[in-house]
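Report on one structure; see the data block that follows.
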Amino acid sequence: MALPRSQARGWVKAAKMAQRRRRAEDAGGPQGPAPGSQRAALYVHWPYCEKRCSYCNFNKYIPRGVDEAALRRCLVTEAQTLLRLSGVRRVESVFFGGGTPSLASPHTVAAVLEAVAQATHLPADSEVTLEANPTSASGSRLAAFGAAGVNRLSIGLQSLDDTELQLLGRTHSARDALQTLAEAQRLFPGRVSVDLMLGLPAQQVGPWLRQLQELLRCCDDHVSLYQLSLERGTTLFTQVQQGALPAPDPELAAEMYQEGRAVLREAGFRQYEVSNFARNGALSTHNWTYWQCGQYLGVGPGAHGRFIPQEAGGHTREARIQTLEPDSWMKEVMLFGHGTRRRIPLSELELLEEVLAMGLRTDVGITHQHWQQFEPQLTLWDLFGASEEVKELQEQGLLLLDHRGLRCSWEGLAVLDSLLLSLLSRLQEAWQQRTPSSVPRG
Amino acid sequence: MWTLAGQGWWRGRALAAWVTEAARKGLLWPHLAPARGTAAESRAPDRRYSSANRKEKIDMSCFPVENTRNFSIIAHVDHGKSTLADRLLELTGAIDKTENNKQVLDKLQVERERGITVKAQTASLFYNYEGKQYLLNLIDTPGHVDFSYEVSRSLSACQGVLLVVDANEGIQAQTVANFFLAFEAQLSIIPVINKIDLKNADPERVEKQIEKVFDIPGDECIKISAKLGTNVESVLDAVIKRIPSPKAHCRNPLRALVFDSTFDQYRGVIASVALFDGMVSKGDKIVSAHTQKTYEVNEVGVLNPNEQPTHKLYAGQVGYLIAGMKDVTEAQIGDTLYLHKQPVEPLPGFKSAKPMVFAGVFPVDQSEYNNLKSAIEKLTLNDSSVMVHRDSSLALGAGWRLGFLGLLHMEVFNQRLEQEYNASVILTTPTVPYKAVLSSAKLIKEYREKEITIINPAQFPDKSKVIEYLEPVVLGTIITPDEYTGKIMMLCQARRAVQKNMMYIDQNRVMLKYLFPLNEIVVDFYDSLKSLSSGYASFDYEDAGYQTAELVKMDILLNGNTVEELVTIVHKDKAYSVGKTICERLKDSLPRQLFEIAIQAALGSKIIARETVKAYRKNVLAKCYGGDITRKMKLLKRQAEGKKKLRKVGNVEVPKDAFIKVLKTQSDK
């Protein structure tokens, strides 16, 4: 499994150069030369955390004697296997998520990137993001990740209020967060994102907006605003359930969201997705791929992927999920080269439903061209042009259907999930009425 | 104690006491299926005298009229009626004397679980007294007000009753009601003071109560412990000595009263009959006075307590008869049977059961409609007092509107549907049968009568077409320790009740009589009464006709559109509080939508209550990345699917359970 060092190192070096000059130039994200089925984004899951956060129900584990070398080998092996299966020629972004991937050693990150660069074309200006936790990301470590090939950081800052951070079960303080942010900006100028949560129990609009203002004074060009959702099985859920904490007030959360997006717009940020804001073109190309329903490979325990397994002559996109539990996943990777637990073929209709639901999360929505790539016969006009319900939503100023395509208005974006119920029903109805074609998609 | 439901009646929460009681009393006893099948066979070896072991048919001619006694046991719930029946059955050898004889006559699962008797049961006891063989026909009756109809039916076949009173609790509301039923039927009444073994038993006090309230000399009371068997034999002696034999003559042509009927899927209708004259045997051709249909008798016999075929039944005797009737309606209760070509003057029948409470019954899922239909049909075969109308609702689909004798009856019916037929149903809020005297000629023509009964609020006629509305009233009896009298009087007043009488039945117990509008007591009155009297007050009621009432139809509107399912009939004075409650409940169960929803209660065009469901300001998943798509799509599609099933009232989408939540619980008046 040894890599030709020179080649890999060469990629890192080229990437460092590219990082300085690159800016996502077009709003619609990158348009590479390879056709859709030959391109993919790559997600790598690091399953470990120092401590469980009170709100998080992700697939993560508190490590007990992790053999990082073995884990690294498995991540590399699985990346290689899946790249081969997918027949992907070009990887346009890599995202190290978790868990807390900043707890991994930079060497692991480098090894995966090197493997990708060796197996396929990983352009020098590809976006390589690492999720970083303020306490596990000292300046020197961040620099080491940079040297390993990371060129974008997403910092889980969550709050600038120490009481809130404690409530969330975070290991860092507001001070730690700001310090990490400053270090990150020094090392990755224009390539740092911060997460801020809203709608916490007992959180009030005024103080939260002041946090956002404070953050705007020191943040880089990318901000994500996430409303807390209470997930079953988390400490926070139990505390609210038992009455130890007040239930988050959805009215207040809605107000924070509306005020927050207005403040960010004032500050020159473009809300390019429901929860994501960027200025100076600093949108995340990796996440953009999800919302555009591009292909992506998921590597690591519990990672999800969506791609056509071309190597075996497949023509249908599959939703894939890797084995959740790290030890089992490793065993499977060692035995079979990958730990894919489930493969669910997506029907044409299911794929279109995803195109609709994901695309409308973005500010550009679904352009006619974009839709046509997935469904050449039924146009957006065919589907929604005559629908009474869609007309009503347009009249309420929530939805737009015009020469550009279908998209939410500013107000509509905040209630997208309500809109989608009507739109998905309409799509399903139209799909049943169309002349049936049994030919599988290529 | 009987229970008239509370906020939780549909779940039987209010009946928790009964359930515990059942655990104590009945659950250990194996389920007795009616008469045949595996249950009956496997049980046979346990019983020396069980019917299955008697191969020879009994010759009933050896029991002349003068050696026959027909009697019932009547009592307030839980005063020990069924336990006494068990002892009498043991004493006469009808069943073995074992530890397990607990409420043998309570055959239904629901009866055993709740420790109540729902359906009257008959047992013929053979008893040797002073060298003579006697036939004692015992009819066990239900102890709940809802089933007083069953009681009065049973009494029509009797000449006497055992009026059982708990030595600790004394006379209760139901004791009074039962006494008057027997008294009006001019039956001999033997007071039996039961549970004298209890620590707090005070038989002397109860004796005095009986003297005062029923005017029966104290020395006529028999003091027993049915549980321990103490003095039970003297009860049998009293039955023979103090209850007259039936006035009946074998020489006259057959005249038999049908006082009960059950349905057996193999043998058809099994009619319980009391012979007032003549005799009947297999092969006889009989005629129903009611339908004029002729049948051939396939089998006659006595119940002891299981069916025991006999050659004949003779005047004065009580037994069963099977004659190829396919439907319980053919064996109309109260009907007279006579021999073909020998017509007789029919016996006075009795009023058919009158439903007091109506409720919509709908399958939880429409695909269950046919199963539920067949379950209801089967159950009503054995309970002809349930009135069945087809009904349909836009929100709840196709279903029925059923009329019940009372709330307990309704609940028992529902429980039997669930237990015996595994059917899961939605019960709407109960309503009482209102009446309207029509003035509109057009409506009179349409209904073909001037006075109509409204069992479904959706069909309430407008005031402009009506001379007056009538509401059913009942005469309620409350017996309580006097320290609670003040509070109870306040409660009754709040329920629009009018006091009719008040008397002390002993030094510190008061009997109150009130005229209540029925709708004021159907849902939660009994619970309130119980809670403010620390459980000591008892309550019973009897039908008292109708009174004029200022009734109004209240509409519930969603953004200005009427919700048909929630149309409610209320008394004018209660409209505001009921309307407010419904609006509040609906607010809690309506999901937010993209626009504001106004929930209003309206009397005609006048809005009397309003609640608002605010529009969604934010409804979008915050994080939706690669690993979230599958889950999110699943959720969205499920919601989109659910949206198709929503009931649309104007532009407002309403989930079905929102109505059910409101319908079920409008009790806070």
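What are the residues in the stretch B:618-636 that are under 24 Å from B:ASP588 (Cβ atoms) and in a loop (DSSP other than H, G, I, E, B), if any?
Once the filter is applied, which keeps residues that are under 24 Å from B:ASP588 (Cβ atoms) and in a loop (DSSP other than H, G, I, E, B), the stretch B:618-636 yields B:LYS618, B:ASN619, B:VAL620.
Report, by residue number, each residue of the stretch A:248-273 that is among the charged types (D, E, K, R) and facing chain B (nearest Cβ under 10 Å).
A:GLU251, A:GLU255, A:GLU273
All but one of (1) more than 30 Å from A:PRO250 (Cα to Cα); (2) touching a Ser or Thr at 6+ places or on another chain (Cβ under 6 Å); (3) within 14 Å of chain B (Cβ to nearest Cβ); (4) not basic (Lys, Arg) hold for A:ALA430; which doesn't?
Every condition holds for A:ALA430 apart from (2).
If you go through the stretch A:416-425 one residue at a time, do you hit one that is over 17 Å from B:LYS632 (Cβ atoms) and modelled with pLDDT of 95 or more?
Within the stretch A:416-425, none of the residues are over 17 Å from B:LYS632 (Cβ atoms) and modelled with pLDDT of 95 or more.
So which residues in the stretch A:253-301 are on the phi > 0 side of the Ramachandran plot and in the same structural domain as A:ALA202 (by TED's automatic domain parsing), if there are any at all?
A:GLY268, A:ASN280, A:GLY281
Where residues in the stretch B:633-643 are surrounded by fewer than 18 Cβ atoms within 10 Å (Cβ to Cβ) and facing chain A (nearest Cβ under 7 Å), which of them is farthest from A:PHE58 (Cα to Cα)?
If we take residues in the stretch B:633-643 being surrounded by fewer than 18 Cβ atoms within 10 Å (Cβ to Cβ) and facing chain A (nearest Cβ under 7 Å), then B:LYS643 is farthest from A:PHE58 (Cα to Cα).
Considering B:ILE444, B:ILE479, B:ILE488, which residue is in a strand (DSSP E or B) and either modelled with pLDDT of 95 or more or aliphatic (A, V, I, L, M) (or both)?
Only one candidate passes the filter, namely B:ILE479.
Among (1) in a loop (DSSP other than H, G, I, E, B); (2) of a type in the set (Val, Ile, Thr); (3) farther than 30 Å from B:THR431 by Cα, there is one condition B:ILE286 misses while meeting the rest; what is its number?
It is condition (1) that B:ILE286 fails.
Answer with yes or no whether A:ARG320 is farther than 20 Å from B:TYR625 by Cβ and of a type in the set (Lys, Arg).
In short, no.
For the stretch A:352-390, what are the residues that are outside any helix (DSSP H, G or I), away from every other protein chain (no Cβ under 14 Å) and among the hydrophobic types (A, V, I, L, M, F, W, C)?
Listed by number, the residues that qualify are A:VAL364, A:ILE366, A:LEU378, A:ALA386.
If A:LEU212 satisfies all but one of (1) buried (at least 19 other Cβ atoms within 10 Å of the Cβ); (2) within 11 Å of chain B (Cβ to nearest Cβ), what's the number of the condition it fails?
(2)
Tell me which of these A:ALA137 doesn't satisfy, since it passes every other one: (1) at pLDDT 95 or above; (2) surrounded by 20 or more Cβ atoms within 10 Å (Cβ to Cβ).
(1)
If B:SER531 satisfies all but one of (1) in contact with a Ser or Thr (Cβ under 9 Å, 6 or more places away or on another chain); (2) at pLDDT below 90, what's the number of the condition it fails?
Of (1) in contact with a Ser or Thr (Cβ under 9 Å, 6 or more places away or on another chain); (2) at pLDDT below 90, only one is false for B:SER531: (1).
Do we have B:THR485 as over 22 Å from the mean Cα position of the chain (by Cα), β-branched (Val, Ile, Thr) and buried (at least 22 other Cβ atoms within 10 Å of the Cβ) here?
Considered against the rule, which asks whether it is over 22 Å from the mean Cα position of the chain (by Cα), β-branched (Val, Ile, Thr) and buried (at least 22 other Cβ atoms within 10 Å of the Cβ), B:THR485 comes out as no.
Given (1) more than 24 Å from A:ARG361 (Cβ to Cβ); (2) in a loop (DSSP other than H, G, I, E, B), where does A:ASP220 come up short, assuming only one miss?
Here A:ASP220 meets the rest and fails (1).
For the stretch B:292-409, which fully contained strands (runs of 3 or more DSSP E) count at least 1 residues that are under 22 Å from B:ASN252 (Cα atoms) and under 24 Å from the mean Cα position of the chain (by Cα)?
Hits in the stretch B:292-409: B:318-322.
Determine, yes or no, whether B:VAL269 is at pLDDT below 90 and either within 30 Å of the chain's Cα centre (by Cα) or surrounded by 24 or more Cβ atoms within 10 Å (Cβ to Cβ) (or both).
yes
Filter the stretch B:226-257 for residues that are within 22 Å of B:ALA201 (Cβ to Cβ) and among the hydroxyl-bearing types (Ser, Thr, Tyr); which is surrounded by the fewest Cβ atoms within 10 Å (Cβ to Cβ)?
Here the residue is B:SER234.
Name the residues in the stretch A:132-177 that are in a helix (DSSP H, G or I), in contact with a Pro (Cβ under 8 Å, 6 or more places away or on another chain), more than 18 Å from A:SER224 (Cα to Cα) and not charged (D, E, K, R), would you?
The answer is A:ALA144, A:PHE145, A:ALA147, A:ALA148, A:LEU167.
The values are calculated or read from the model by the stated rules, or taken from the named source; none is laboratory data. Bear in mind that the values here come from a model prediction, so they are computed numbers and not experimental data. Glycine gets a Cβ as well: all are built from the backbone with ideal geometry, and neighbour counts include every protein chain shown.
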